[in-house]
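Trainee: Let me begin by handing over the structure; questions about it come next.
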Amino acid sequence: MLKTFILDVSNVHFDCLVISELAQTMRVTDKCDVYSFGVVALEVMMGRHPGDLLSSLSSMKPPLSSDPELFLKDVLDPRLEAPTGQVAEEVVFVVTVALACTQTKPEARPTMYFVAQELAARTQAYLAEPLNSITISKLRSFQK
């Protein structure tokens, strides 16, 4: 699945996404390509544009114990069967990398080189708990 995902993304035009980030931040950086990749990756996983998710994440403060958590299973494309096994691990991996790429502050994002290395090597292990219990805030804590 991961190799198919990379091939599919390579055919997408990123110009509109870079313009979208420019409209939001009014600042062009060398991290615009990373942001664009993250948006496309999330769109593939969610089955729709992640604009609402990204807006809510950028306005969120760190979750309090009383705040409701947003679960990964709730943002994945509902038209598809819930992933299991290795496919679930790959979905968590891709969403984690995509969330890191779409951090609000460009300096908090990984470089595109780092993202490419992660995708090629897949060195990070992400599925330490059942997919149904993984929260978006936990995935956002990914360290570059």
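The values are calculated or read from the model by the stated rules, or taken from the named source; none is laboratory data. Just so you know, these numbers come straight off a predicted model, no measurement behind them. Reconstructed Cβ throughout: ideal geometry from the backbone, glycine too, with neighbour counts over all protein chains shown.
Trainee: Please work out which residue is modelled with the lowest pLDDT, limiting yourself to region 50-69 and to residues that are of a type in the set (A, V, I, L, M, F, W, C) and surrounded by 17 or more Cβ atoms within 10 Å (Cβ to Cβ). Explain how you work it out, then say what you get.
Mentor: So the first thing to find is which residues in region 50-69 are of a type in the set (A, V, I, L, M, F, W, C), and the list is 53-54, 57, 60, 64.
Now drop any that are not surrounded by 17 or more Cβ atoms within 10 Å (Cβ to Cβ), which leaves 53-54, 57.
Numbers: 53: 90, 54: 89, 57: 82.
Here the residue is 57.
Trainee: Determine, yes or no, whether residue 83 is of a type outside the set (Phe, Trp, Tyr), surrounded by 12 or more Cβ atoms within 10 Å (Cβ to Cβ), more than 13 Å from the chain's Cα centre (by Cα) and modelled with pLDDT of 85 or more.
Mentor: Details: of a type outside the set (Phe, Trp, Tyr): yes; surrounded by 12 or more Cβ atoms within 10 Å (Cβ to Cβ): yes; more than 13 Å from the chain's Cα centre (by Cα): yes; modelled with pLDDT of 85 or more: yes.
Yes; evaluated as a whole, the condition is true for this residue.
Trainee: Moving on to the next point. How many of the residues in region 92-140 are part of a loop (DSSP other than H, G, I, E, B) and either touching a Cys at 6+ places or on another chain (Cβ under 9 Å) or under 15 Å from residue 32 (Cβ atoms) (or both)?
Mentor: Selection size over region 92-140: 7.
Trainee: Let me ask something additional. Just to be sure I understand, how many residues within region 93-125 are of a type in the set (Ser, Thr, Tyr) and at pLDDT below 90?
Mentor: Taking region 93-125 as the starting set, the residues that turn out to be of a type in the set (Ser, Thr, Tyr) are 96, 102, 104, 111, 113, 123.
Keeping just the survivors that are at pLDDT below 90 gives 104, 123.
Residues that pass the stated criteria total 2.
A quick yes/no check of all residues on (1) assigned to a helix (DSSP H, G or I); (2) at pLDDT below 75:
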{"position": "30", "(1), (2)": "no, yes"}
{"position": "34", "(1), (2)": "yes, no"}
{"position": "41", "(1), (2)": "yes, no"}
{"position": "48", "(1), (2)": "no, no"}
{"position": "90", "(1), (2)": "yes, no"}
